[in-house]
Amino acid sequence: MKKRNTILTIGLLLLIAFGLTAVAEEGDVQTEPVVFAAPALITSIGQSAGAAQARVVAIKAGVEAMYVQRATLEDLEGKGTLIVVLGASSKGLGAAGVDIDGEVAWATELFDKARELGIGIIAMHIEGGSRRGPSSDLVITTFAPLADFLIVKGAMPDVEWTADEAANGNEDGLFTTLAAENEIPIAYIDTTLAAVDVLIELFDIQPEG
Amino acid sequence: MIRRFRPAPAWIGVGLLIVFAACVAASAVEPTSHDVRPGYGVDDVRWLSDYLPALAGTPGDTPIYVLRGDDSGGTLLLLGGTHANEIAGVMAATLVVERAVVTRGTVFVIPHANNSAARRNNGAYNATTPQWFELTTGGGEVRAFHYGDRRTQPEDQEPDPEVFVHGPSGLEFSGSEARNLNRNHPGDADGTLTQQISYALFALVEQEGVDVLVDMHESSLTSRLANTLVSHPRAIDIASFAILDLEMEGLALKQEVSSEEFHGLSHREFGDHTDAFAFLIESPNPGQEASIENPDVVNDPRAPLSNRVNLQLRTIQAILANHALLEGTATSIEFAFPFELSDLLGANLGAFLR
């Protein structure tokens, strides 16, 4: 089933590459391929450790990226893409000295600045079901609809999830709903490392040599 | 009128009780011994008191097993039994001592980091947990191991304060946490027994130039901490790489980073006060689930001990592999077993011991 999910993900990416989106309805087809520009700024919204994993994913994908756990507006200067990893950690928020409301206010400014600079935004949720809950869901429902592309480690609609149950971040279909309602392309992955292939496609990384 | 104190029968009884308690305390000063059988990989056995002589002859002293590789490299310190009821770490450390061979670098293993806690189970979180658990070797021998406690034994240390204040940070905990080794780091050479144990561990890390430290813990089955790798912020890249590698091998771990505010924990304090990359692993232990009566801490199918030991050791291997990848081979550490770690899954752990 892992292979099945991966195949579905790759199939989805092929659709994207041909200029379609995962949620486009008939007559509303996006004709431009979804391509994001490097360098990327990777940061966390909710201060979980997922952003550090996204950095590893970017390194493995060959995407030039800067990782800042809690980025500043200045960090966006010169960047082509903002990659946000959604997921709240009380420990992480405590370490940053903010509460969830302060985090949402800060991230809103970050998104506004990214839009002002014309920077594309990828939102990722790669820590599975353990990174769901009231605070995480507040972050997800606030910022996922504002992204240009969603990557979620979780089950596709109508596809059985056979990986570790705790790794399913989309058990309730929240990301599917948000993507559909806001017409945002979405890639489903069954392992965090599968996001490497997604980034390779999204950043149009060509093999070396 | 001057009243003079005259011994009464009641006072004599109290006096006898004090003498009896003193005798009990005196009989408990020797460090608890354990069934650990060093294998061919062990080059040297030391005591924690080698790093703080004041610990010698106290219940806090504990053996340190040293395994050296032929190739030079870095130094790893493995801690089991910081909480002596969290037995996957104790047994993972024991398995390293009995069966592992180091090929690069040096590995220091302490199976019972808080040896006072290992002496007796006081039933923290679950009063129906055992005092001992047994494993049967491949040869049919039944070996018995202590199922210890979370904290230093009360009689080994001065009475708990009402509020335990973590000295360096000023953080306040409940009084019993004065006996929790993982709230006392970085310790105090002149402090309580628990603080002295911590201090000696820090002295070891400094004197031996430890590059990587892994503190092996367990949580309840339902805890948010179950199946988690915690790292100091300096070690976050190594942890992230390790977690992705493990995920590809079918082992899903959550990742956490040391809180800036929560002090006294190993990953925070060793990371802050030494050059070591500090990690803490949490596997799920049915014995820490308050709702399970008479938990089977070895064979519960939800989390068999062999699987938990597998999780601890594979995570350590992933940490070391990525430490080498990110920091270079000069400080890399490698060790191996004469079996595949995946062989442990669902197996009888005793068959892998000596």
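Laboratory data are not the source of any read-out in this text; all were calculated from the coordinates shown. Please read these numbers as outputs of a predicted model, since none were measured by experiment. Neighbour counts run over all protein chains shown; Cβ positions are idealised from the backbone, glycine included.
What relative contact order, as a whole-number percentage, does chain B give when Cα pairs under 8 Å and 6 or more residues apart are counted?
Relative contact order of chain B: 20 percent.
Looking at the protein assembly as shown, the DSSP beta bridges with both ends there are about 35 percent antiparallel.
Checking the Cα-Cα distances for A:Lys113/A:Lys153; A:Lys79/A:Lys113; A:Lys153/B:Lys254 against a 20 Å cut-off, the pairs over it are A:Lys113/A:Lys153. Model label points for B:Ser169 and B:Arg302, set 7 angstrom from Cα along the Cα-to-Cβ axis, are 3.0 nm apart. Of the residues B:Asp211, B:Asp300, B:Asp149, the one that moves most in a GNM of chain B with alpha-carbon contacts below 10 Å is B:Asp300. Beta bridges per DSSP, both residues in chain B: antiparallel share near 55 percent. Summing +1 for each Lys or Arg and -1 for each Asp or Glu among the other residues whose beta-carbon sits under 12 angstrom from that of B:His112 gives -3. Taking a ≥ b ≥ c as the square roots of the eigenvalues of the alpha carbon gyration tensor, the range B:236-354 is oblate, as a/c is not under 1.5 and a/b does not beat b/c. For B:Ala324, neighbours were defined as the other residues whose beta-carbon sits under 11 Å from its Cβ, and their charges (Lys and Arg +1, Asp and Glu -1) total -2. Judged by the gyration tensor of its Cα atoms, with axes a ≥ b ≥ c, the range B:210-253 is oblate; a/c meets the 1.5 cut and b/c is at least as large as a/b. Distant-in-sequence amide contacts of B:Ser283, defined by a placed amide H-H separation under 5 Å and a gap of 5 or more residues or a different chain, comprise B:His217, B:Glu218, B:Ser219, B:Asn227.
Residues of the range B:127-149 with backbone nitrogen within less than 13 Å of a virtual label 7 Å along the Cα-to-Cβ line of B:Asp343, please, listed as ranges. Zone members listed by number: B:138.
Working note: Karplus 6.51/-1.76/1.60 with θ = phi - 60° gives the range B:39-46 the couplings x, 5, x, 8, 9, 7, 10, 10 Hz, where Gly and Pro are set to x. Calculated mean residue ellipticity, 222 nm, the protein assembly as shown: -10000 deg cm²/dmol, from DSSP H runs (n ≥ 4) at -39500 (n - 2.57) each, averaged per residue and rounded to 500.
Couplings 3J(HN,Hα) of the range B:64-71, computed from phi: 10, 9, 10, 10, 10, x, 5, 8 Hz, in residue order, whole Hz [Karplus 6.51 cos²θ - 1.76 cosθ + 1.60, θ = phi - 60°; x for Gly and Pro]. Once the Cα-Cα distance is subtracted from the 0.36 nm per residue extended length, the A:Val159 to A:Ala37 segment shows a gain of 40.8 nm. From zero up to wherever the largest Cα-Cα distance of the protein assembly as shown sits, split into 20 Å bins and tell me the percent of pairs in each. Percent of pairs per bin, in order: 20, 48, 25, 5, 1, 0. Please label the shape of the range B:62-195 as rounded, prolate or oblate, based on the square roots a ≥ b ≥ c of the eigenvalues of the alpha-carbon gyration tensor (a/c under 1.5 means rounded; beyond that, a/b larger than b/c means prolate, else oblate). Because a/c hits 1.5 or more and a/b fails to exceed b/c, the range B:62-195 counts as oblate. For the range A:121-128, the Karplus equation 6.51 cos²θ - 1.76 cosθ + 1.60, evaluated at θ = phi - 60°, returns couplings of 10, 10, 10, 10, 10, 10, 10, x Hz by residue, with Gly and Pro reported as x. Given the options B:Gln255, B:Gln312, B:Gln153, which has the most mean-square fluctuation in a GNM of chain B, springs set between C-alpha atoms less than 10 angstrom apart? With Cα springs under 10 Å in chain B, the top fluctuation among B:Gln255, B:Gln312, B:Gln153 is at B:Gln255.
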